[in-house]
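Here is the structure we will look at.
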Amino acid sequence: MLADPYALAEQVPAHVPPELVFDFDMYNPPGFDPAGVADIHAIWKQLHVTHPKIFWTPRYGGHWVVTRYAEIARMQQEFEFFSNHEPFIPRGVVPPTVPNWLDPPQHGPFRRLLMPAFLPKNLVSVTDKARDVAIGIIEKLAPTGHCEFVGDFAGAMPVIALLTLIQMPAEDHDYLRGLAIHSAKVVGPEAAAANASMEQYVRARIAERRAEHKGDFISSLVHGEVEGRKLTDDEAYQICYLVIGGGLDTVVSTMSFAAAYLARHPEARVQILAHPEKLDNAVEEIMRRFSTSNLGRIVRKQVELGGEILHEGDMIIGTFPLAGMDETVNEDPMRFDILREKPKHLSFGTGPHTCAGAPLARRELKIFLQEWLQRIPNFSIRPGTLPLVTTGLVNSAVALQLVWDPA
């Protein structure tokens with residue numbers, strides 16, 4: 001762990017070419033404005049224009065940044081070179097969690113504990129619940145002619161669906177979503193306080209299940225085994241934190257970014273409504289164009305990536321949203337088009353750490369398209385406002401003011 005994980009690196013490593021050194025802060029990329037951003041992904045896209053496909057920044061102790069699909073895919077798939085042991089910047093700030101901090105083969109047994117929750121048979125009732133929640137919210141909002149989309153819809157429906165899946169109280173969604181907004185920032189006292197509150201919440205649920213097996217997801221972890229032994233409380237906590245935390249922000253923000261785009265582009269709404277048979281492809285296009293996470297790896301041993309030599313111990317961040325916006329794999333990538341053939345993205349990752357919650361996320365986004373556009377087909381961003389977002393490890397939607405004619 002670095003003495004000060006927020007400090008600039010004092011010197012550039014000898015193996016980093018001087019022309020690849022850029023003072024780039026992933027928590028404050030050029031063009032970002034905390035007072036509002038029309039399209040955070042367009043800001044990130046500028047890296048393809050202004051920076052090489054791989055470069056080094058002295059920020060947060062110094063790390064590499066990778067911006068193209070091919071290299072980001074490699075750093076996820078080639079675990080013999082790129083370790084998941086610390087996937088976040090700054091190092092040493094986010095508490096470790098299993099299984100996502102583990103590499104194969106240690107990773108597999110822990111991952112298998114959480115996979116049953118996301119089997120298709122278990123997602124049927126959750127999908128029905130999510131749809132009922134979505135319809136109920138939309139039908140209350142429609143006559144008002146306005147909403148704050150993140151809090152009123154996107155921050156409710158997917159979170160309630162997740163809590164339903166793991167059999168936790170749906171009424172906790174407001175509290176947990178509030179913690180997620182702050183913890184996603186990673187840096188600063190608000191993030192530390194949110195992480196501490198989340199830990200307290202999850203550990204209390206674990207203690208309850210230790211005392212009484214409730215037949216739910218957390219109980220299965222608390223009383224489950226990995227490689228012939230019971231999980232420790234810390235291991236059970238880390239898996240729960242991973243599942244709950246992962247479902248509180250990424251889908252919420254992806255959905256909100258898509259809603260902001262659709263509010264500005266009525267032709268995209270018309271295209272979706274005209275091609276209901278393309279809804280699954282529309283979901284993939286949403287994931288491609290409005291991805292959220294920027295995650296890292298630690299180099300395990302010397303390796304070439306993007307034409308550069310990385311050394312053991314180097315930290316590297318993959319900008320996952322830029323993988324889908326890479327014109328070498330998706331033509332005219334800033335254009336949202338549900339008729340695009342096989343949109344390529346890495347929003348759920350690839351390789352051993354592919355997101356276990358991807359099937360649920362896809363279902364939730366499809367429900368949004370089906371139920372929202374059916375009931376509120378014409379909407380726009382409230383004049384005089386911009387979407388409020390944070391950026392860094394996760395591009396997070398904070399607020400989105402929408403208006404429409406209630407008639």
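Just so you know, all these numbers are worked out from the coordinates, no wet-lab data involved. Quantities reported herein were computed from a predicted structural model and do not represent experimental measurements. Positions of Cβ are generated from backbone atoms using ideal geometry, with glycine treated the same way; all protein chains shown enter the neighbour counts.
How would you rank 154-166, 17-29, 377-389, highest first, on the average number of other Cβ atoms within 10 Å across their residues?
Packing proxy ranking, top to bottom: 154-166, 377-389, 17-29.
Take the Cα of Glu331, step 7 Å toward its Cβ, do the same at His213, and the gap between the two points is 5.7 nm.
Sort Cys147, Cys240 so that the residue with the fewest other Cβ atoms within 10 Å of its own Cβ comes first and the one with the most comes last. Spell out each step's value before the answer.
On the way: Cys147 23, Cys240 26.
Ascending number of Cβ neighbours within 10 Å: Cys147, Cys240.
Any idea which of Leu20, Gly62, Gly188 is furthest toward the positive side of the dipole for the chain, if Lys and Arg beta-carbons carry +1 and Asp and Glu beta-carbons -1? Looking along the dipole axis, the top candidate is Gly188. Listed by chain and number, the lysines whose alpha-carbon sits under 27 Å from that of Lys278, ignoring those within fewer than 8 places in the same chain, are Lys45, Lys121, Lys129, Lys342, Lys344, Lys366. Straight-line reach from Lys230: taking Cα to Cα under 24 Å and skipping same-chain neighbours fewer than 8 places apart, the lysines in range are Lys214.
Once the Cβ-Cβ distance of Thr50 and Glu267 is raised to the sixth power relative to R0 = 22 Å, the FRET efficiency obtained is 0.15. Subtracting the Cα-Cα distance of Lys121 and Gln167 from their residue separation scaled by 0.36 nm leaves 15.0 nm. Residues in region 206-213 carry Karplus couplings, in order, of 5, 4, 4, 6, 4, 6, 8, 6 Hz; the curve used is 6.51 cos²θ - 1.76 cosθ + 1.60 with θ = phi - 60°, and Gly or Pro positions show x. Does anything in region 71-87 have its amide N under 19 Å from the 7 Å Cα→Cβ label point of Glu199, and if so which residues? Residues passing the 19 Å test: 86-87.
Cross-link partners for Lys140 among the lysines, with Cα-Cα distance under 16 Å and sequence neighbours closer than 8 places in the same chain left out, do not exist in this structure.
Scan region 326-407 for trypsin sites (Lys or Arg not before Pro) in coil per DSSP, keeping those whose Cβ has at most 13 other Cβ atoms within 10 Å, and list them by number. Each step should come with its number before you reach the end.
Numbers: sites: Arg335, Arg340, Lys344, Arg362, Arg363, Lys366, Arg375; in loops: Arg335, Arg340, Lys344.
Loop-located and lightly packed - Arg335.
Since only Phe348, Ile160, His311 are under comparison, the one whose Cα sits farthest along the positive direction of the charge dipole of region 18-403, derived from C-beta charges on Lys, Arg, Asp and Glu, is Ile160. Once both labels are positioned 7 Å from their Cα atoms along Cα-to-Cβ, the gap between Asp234 and Ser380 label points is 5.6 nm. Going from the residue with the fewest nearby Cβ atoms within 10 Å to the one with the most, Ser253, Ser291, Ser219 rank Ser219, Ser291, Ser253.
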